[in-house]
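Here is the structure we will look at, set down as structure tokens.
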Amino acid sequence: MSPSKPIRFGPPPHAQEGDWFRTHDALYAADVHRFRGQGISGTSHEGVDSIVASGGYAGDEDLGDVIIYTAQGGAPDERGYITADQELTGVNEGMLINYREGLPIRYVRGLGIKRGKATKGYRYRGLYLVEDYWSVRTERGYITWQFRLAKSLAGERWDSGKSGDVDEGNAVTSLEKVVAKYVSIQRRVRNSAEARAIKDLYENICQMCNIPLVVDANGARYSEGAHIHALGRPHDGLDVRRNILCLCPNCHVLFDSGARLITDDFKVIDALTSKVVGDLNVLPEHQIDPASLQQHRGRWADRSQGL
């Protein structure tokens, strides 16, 4: 890596979405990707600024505006199947920073893939955000980590400086903009008619911690509808009441991140310590689907054995 090319989030200054590049050297010269011959650019403490996907893993999916991207490592064989557990270290850990802080990734797709090599060059596909991540135990018994990348909205503006740059004065940074957009989108998703019905049923009190989050002088409470079996590819859960919980923002983040799991008998598990931390409050009118709980636990195969 050249010292003149630090990690740099946002669009490349010398390329447009859709541009074609013959080689990794061309990507490097255009500031699309900071490495020659390496698929991920980033660090564990700053995040990932670009990815070049060349079909090295069997679990990858390219759906256009949505990408299912497999983490690095695991010693994949010639067909792309991992032969060892993957770990959330190095650049894989950096992907979590993108997820938590809303940092964009420049996504490049290799063309004419043969045996993990791009034979027809590379296409810059634009900026993507890490929407979700999870672990899966493969048929061979190894742990693999995957990330769901979603295309950034057209017209989104990003700071062009390197990691950590902020505008002077009170100007809004690109990170603050994307976080605000993410919160807005998440609130819309979590406020469907089905989600509102569940939140009303529990009077906006979290089913996990049972703490009401009062947000004004009139006693109004805030809660979020959390889908147990996640919506969207590759999970394809349903927006129905048996698949929704009423949670506070803290518990929602813990649940979505796999730090909290729920057993079929509604015990709430701290997945990082494997200890029971409470019972899920479930009213008789709320028929939670056990299959959804099992699917959620299955998304965190590294920590859900025996549950």
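The values are calculated or read from the model by the stated rules, or taken from the named source; none is laboratory data. The model shown is predicted, which means the values in this text are computed figures rather than measured ones. Note that we place each Cβ from the backbone using ideal geometry, even for glycine, and neighbour counts take in every protein chain shown.
Does Ser223 qualify as being among the hydroxyl-bearing types (Ser, Thr, Tyr) and closer than 27 Å to Arg137 by Cα? No: the conditions fail for Ser223.
Of Ser184, Ser223, Ser174, all but one fail to be modelled with pLDDT under 90, crowded, with 17+ Cβ neighbours inside 10 Å and among the hydroxyl-bearing types (Ser, Thr, Tyr); the exception is Ser174. Among the residues of the stretch 208-261, the ones that are free of Cβ contacts under 8 Å to residues at least 12 places away in the same chain and of a type in the set (Val, Ile, Thr) come to 3 in all.
Note on the stretch 110-121: among residues that are in contact with a strand residue (DSSP E or B) (Cβ under 7 Å, 6 or more places away or on another chain) and farther than 25 Å from Ser44 by Cβ, the one that is surrounded by the fewest Cβ atoms within 10 Å (Cβ to Cβ) is Gly112. Within the stretch 52-67, can one find any residue that is on the phi > 0 side of the Ramachandran plot, in the same structural domain as His24 (by the TED database) and loosely packed, with under 15 Cβ neighbours inside 10 Å? Yes, the stretch 52-67 contains a residue that is on the phi > 0 side of the Ramachandran plot, in the same structural domain as His24 (by the TED database) and loosely packed, with under 15 Cβ neighbours inside 10 Å.
Going through (1) in contact with a strand residue (DSSP E or B) (Cβ under 7 Å, 6 or more places away or on another chain); (2) modelled with pLDDT of 90 or more one by one, Pro6 falls short only on (2). Within the span defined as the stretch 79-87, one or more residues are farther than 25 Å from Tyr124 by Cβ, of a type in the set (D, E, K, R) and touching a strand residue (DSSP E or B) at 6+ places or on another chain (Cβ under 9 Å).
Residues of the stretch 251-272 that are farther than 19 Å from Val136 by Cα and either in contact with an Asp or Glu (Cβ under 8 Å, 6 or more places away or on another chain) or at pLDDT below 95 (or both): His252, Val253, Phe266, Lys267, Val268. Please tell me if Asp49 is touching a residue at least 12 places away in the same chain (Cβ under 8 Å), buried (at least 16 other Cβ atoms within 10 Å of the Cβ) and under 17 Å from Gly121 (Cβ atoms). No: the conditions fail for Asp49. Look at (1) farther than 16 Å from Ser135 by Cα; (2) touching a residue at least 24 places away in the same chain (Cβ under 8 Å) and you find that Thr70 fails only one, number (1).
Tally the residues that are touching a Phe, Trp or Tyr at 6+ places or on another chain (Cβ under 9 Å) and over 18 Å from Gln295 (Cα atoms), restricting the search to the stretch 143-156. Number of matching residues: 4. Scan the stretch 15-69 for residues that are assigned to a strand (DSSP E or B) and not β-branched (Val, Ile, Thr) and the total you get is 11.
Residue count for the stretch 35-45 satisfying the condition of being modelled with pLDDT under 90 and within 24 Å of Lys151 (Cβ to Cβ): 3.
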